[in-house]
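Peer 1: What follows is a single structure, and I will ask about it in a moment.
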Amino acid sequence: MTPPVPRAITSATLRAVEAARAQDRDALDSAAAELALLPAEQVGRVLGTVLRLLLEQAHPDGLAGEDVQAVLVRCARANAGWLPGLDVGTLAMLLTGALGVHEMAEQAPPADPAAVARHAPLLVADLLAVTGGAAGDHLAAALSEIAVAETMELP
């Protein structure tokens with residue numbers, strides 16, 4: 001059985017991704033607000049892992065800077081018209097963070113949980129449109145990967 005926090009992250013993320021796919025601002029804002037209330041580090045780790053897995057699936061032969069830029073541009077263009085306040089900088093930070101290449105990540109201030117909760121589902125929806133598959137399957141894979149990593153970190 002999944003613990004309560006990962007279950008809540010999964011539930012809110014699924015609703016947020018569906019809202020992004022439907023371009024439903026109110027539903028996205030509602031689901032993102034729920035995500036923003038959950039532990040930011042855990043939400044960020046789950047969403048970052050989902051994004052990394054999707055990027056790897058979309059680019060099995062390796063990911064170049066141009067590929068990341070293409071995802072960023074495609075996602076921004078697809079969502080700018082219906083989502084006021086879309087922040088391309090947040091999208092870029094999420095992509096580079098998911099890949100572990102966010103410049104000076106240790107020196108940068110932590111990402112705003114509300115911005116992460118609102119923008120990460122846009123990227124997940126965009127990448128799912130490219131890779132196919134279900135958001136729930138990718139969330140389950142991310143949670144499994146995180147659980148294995150946490151088990152390996154134990155003394």
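Yes/no per residue for (1) under 9 Å from the mean Cα position of the chain (by Cα); (2) at pLDDT 95 or above; (3) farther than 20 Å from Arg25 by Cα:
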| site | (1), (2), (3) |
| --- | --- |
| Leu47 | yes, yes, no |
| Val50 | yes, yes, yes |
| Gly65 | no, no, yes |
| Val71 | no, yes, yes |
| Glu106 | no, no, yes |
| Ala111 | no, no, yes |
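Peer 1: Which of (1) over 17 Å from Ser144 (Cα atoms); (2) open to solvent by 50 Å² or more (accessible area, probe 1.4 Å); (3) among the hydrophobic types (A, V, I, L, M, F, W, C); (4) in contact (Cβ under 8 Å) with a residue 40 or more places away in the chain does Leu28 not meet, given it meets every other one?
Peer 2: (2)
Peer 1: Here are some conditions: (1) more than 23 Å from Gly132 (Cα to Cα); (2) without any contact (Cβ under 8 Å) to a residue 12 or more places away in the chain. Gly65 meets all but one. Which one does it not meet?
Peer 2: (1)
Peer 1: Restricting the range 31-62 to residues that are part of a loop (DSSP other than H, G, I, E, B) and without any contact (Cβ under 8 Å) to a residue 24 or more places away in the chain, which is surrounded by the fewest Cβ atoms within 10 Å (Cβ to Cβ)?
Peer 2: Filtering first and then ranking leaves Asp61.
Peer 1: Restricting attention to the range 55-76, does a residue exist that is closer than 10 Å to His119 by Cβ, touching a helix residue (DSSP H, G or I) at 6+ places or on another chain (Cβ under 6 Å) and not small (Gly, Ala, Ser)?
Peer 2: Yes, the range 55-76 contains a residue that is closer than 10 Å to His119 by Cβ, touching a helix residue (DSSP H, G or I) at 6+ places or on another chain (Cβ under 6 Å) and not small (Gly, Ala, Ser).
Peer 1: Of Gly100, Gly89, which residue is open to solvent by 30 Å² or more (accessible area, probe 1.4 Å) and more than 14 Å from His119 (Cα to Cα)?
Peer 2: Testing whether each residue is open to solvent by 30 Å² or more (accessible area, probe 1.4 Å) and more than 14 Å from His119 (Cα to Cα) leaves just Gly100.
Peer 1: Do you know which of the residues in the range 1-25 that are outside any helix (DSSP H, G or I) and free of Cβ contacts under 8 Å to residues at least 60 places away in the same chain is farthest from Leu86 (Cα to Cα)?
Peer 2: Ranking the qualifying residues of the range 1-25, first place goes to Met1.
The values are calculated or read from the model by the stated rules, or taken from the named source; none is laboratory data. Only a predicted model underlies this, so the values are computations on that prediction, with no experimental measurement involved. When we count neighbours, we look across all protein chains shown, and the Cβ atoms used for this are built from the backbone with ideal geometry, even at glycine. Surface accessibility is based on the protein's heavy atoms, side chains included, excluding ligands, DNA and RNA. Shrake-Rupley method; radii C 1.70, N 1.55, O 1.52, S 1.80 Å.
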